[in-house]
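Notes follow the structure.
The values are calculated or read from the model by the stated rules, or taken from the named source; none is laboratory data. Quick caveat: nothing in here was measured; it's all calculated off a predicted structure. Cβ placement follows ideal geometry from the backbone for every residue including glycine, while neighbour counts extend to all protein chains displayed. The protein model used for the area step is the full one, side chains on, heavy atoms only, and it has no ligands, DNA or RNA in it. Shrake-Rupley method; radii C 1.70, N 1.55, O 1.52, S 1.80 Å.
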Amino acid sequence: MTSRPQAAGRGLTRESLLATAAQLFARKGYRATTLEDIAGELGLKKASLYHYIRSKDELLADIYQQIFDRIEAAVAPLAALDLPVDERLRRMVHAHIAVVTAELPSLSVAFSEESELPTELQRGIRHRKRAHEALFEKVIAEGQRQGVFRPGSVRLMVLALLGMCNWIYKWHRPDAADPGAVEEIAAEFALILESGIRPGERRSGAHPRFSNLDEAFEPADQSVKRVRAELERLEAELSETRERLRDGLAGGVGLRSIEGLADPAPRRERGRS
């Protein structure tokens, strides 16, 4: 991460500086935005801004680094959870999309202005990208070994997955969506990832709709209870039928009658002899 001198007493935080810069870059474009614009937006003189940042390139690079810090903080712990591999991947998709939709101005800058950075800074950004992609690649490769995911190019699967998730910044507008829209996007994307777009059994792409695992498994638990109750009912009926048959035998129903029901052919042979 790029280092910089400490702030000069005005209390400006790195987060507010990067957020302001990202909004201006997204609105005006990186080239058209000057350090004077950023300083003015923050109520500072340009000279004061140099206490916080040395150049516009450094500021853009730090926006990238901040985005990757937040995405990795949300996704990396999920990749290491002791959960089935498909559930881990599902949660990782939800976490990634949550950060993307929460950081739209910064993501807009990150995805559209990378070519403006010097080669050395671009190299650092590519390294962070690959590290993030590797988290998904590892989980998908594990799922393939277990037979949970279909065989295929892990690299292409991850590029397709992250491309779908990252492109949200182009069309998602929070002020035009209801509060549940982000959750619906994440659920639908996870479902597409699991099942494609062909009709068939609907899977559980929307895990975070449940507040905890007990709630998520409640429908399955209820189904098991219903099956268990039906089995108990059938066992009771079978036991009652068995007792009735025993009572019938004791009351005079001949064994030969039962034998005849079970094997009528031998009786006919005996009748002819």
Filter result (surrounded by 11 or more Cβ atoms within 10 Å (Cβ to Cβ), touching a residue at least 12 places away in the same chain (Cβ under 8 Å), assigned to a loop (DSSP other than H, G, I, E, B) and charged (D, E, K, R)) within the range 8-47:
10
Taking the residues in the range 6-36 that are modelled with pLDDT of 85 or more and in contact with a Phe, Trp or Tyr (Cβ under 7 Å, 6 or more places away or on another chain) as candidates, determine which candidate is nearest to residue 56 (Cα to Cα).
33
Being among the hydrophobic types (A, V, I, L, M, F, W, C), over 27 Å from residue 21 (Cα atoms), open to solvent by 20 Å² or more (accessible area, probe 1.4 Å) and part of a helix (DSSP H, G or I): is that true of residue 78 here?
yes
May I ask you to list the residues in the range 168-204 that are modelled with pLDDT of 70 or more and among the charged types (D, E, K, R)?
170, 173, 183, 184, 188, 194
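Look at the range 106-141 and say how many of its residues are among the hydrophobic types (A, V, I, L, M, F, W, C) and open to solvent by 30 Å² or more (accessible area, probe 1.4 Å). Steps first, please.
Filtering the range 106-141 down to residues among the hydrophobic types (A, V, I, L, M, F, W, C) leaves 107, 109-111, 117, 121, 125, 131, 134-136, 139-141.
Within this subset, residues satisfying the condition of being open to solvent by 30 Å² or more (accessible area, probe 1.4 Å) are 111, 121, 131, 134-135.
Here the count works out to 5.
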Could you figure out which of (1) outside any helix (DSSP H, G or I); (2) open to solvent by less than 60 Å² (accessible area, probe 1.4 Å); (3) of a type in the set (Asp, Glu) isn't true of residue 86?
(1)
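Mind checking whether some residue in the range 58-69 is part of a helix (DSSP H, G or I), of a type in the set (Val, Ile, Thr) and either open to solvent by 50 Å² or more (accessible area, probe 1.4 Å) or under 30 Å from residue 195 (Cα atoms) (or both)? Even if it seems obvious, please write down each step before you answer.
Of the range 58-69, the ones part of a helix (DSSP H, G or I) are 58-69.
Next, only the ones that are of a type in the set (Val, Ile, Thr) stay: 63, 67.
Subsequent filtering for residues that are either open to solvent by 50 Å² or more (accessible area, probe 1.4 Å) or under 30 Å from residue 195 (Cα atoms) (or both) retains 67.
Yes, there is a match, as at least one residue in the range 58-69 is part of a helix (DSSP H, G or I), of a type in the set (Val, Ile, Thr) and either open to solvent by 50 Å² or more (accessible area, probe 1.4 Å) or under 30 Å from residue 195 (Cα atoms) (or both).
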Subset of the range 48-75, residues free of Cβ contacts under 8 Å to residues at least 60 places away in the same chain and within 24 Å of residue 188 (Cβ to Cβ), comes to 67, 70, 74
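Is it the case that the range 114-121 has a residue that's out of contact with any helix residue (DSSP H, G or I) (no Cβ under 8 Å at 6 or more places or on another chain) and farther than 30 Å from residue 183 by Cα?
Narrowing the range 114-121 to residues out of contact with any helix residue (DSSP H, G or I) (no Cβ under 8 Å at 6 or more places or on another chain): 119-120.
So of that shortlist, the ones also farther than 30 Å from residue 183 by Cα come out as 119-120.
Yes, the conditions are met somewhere in the range 114-121.
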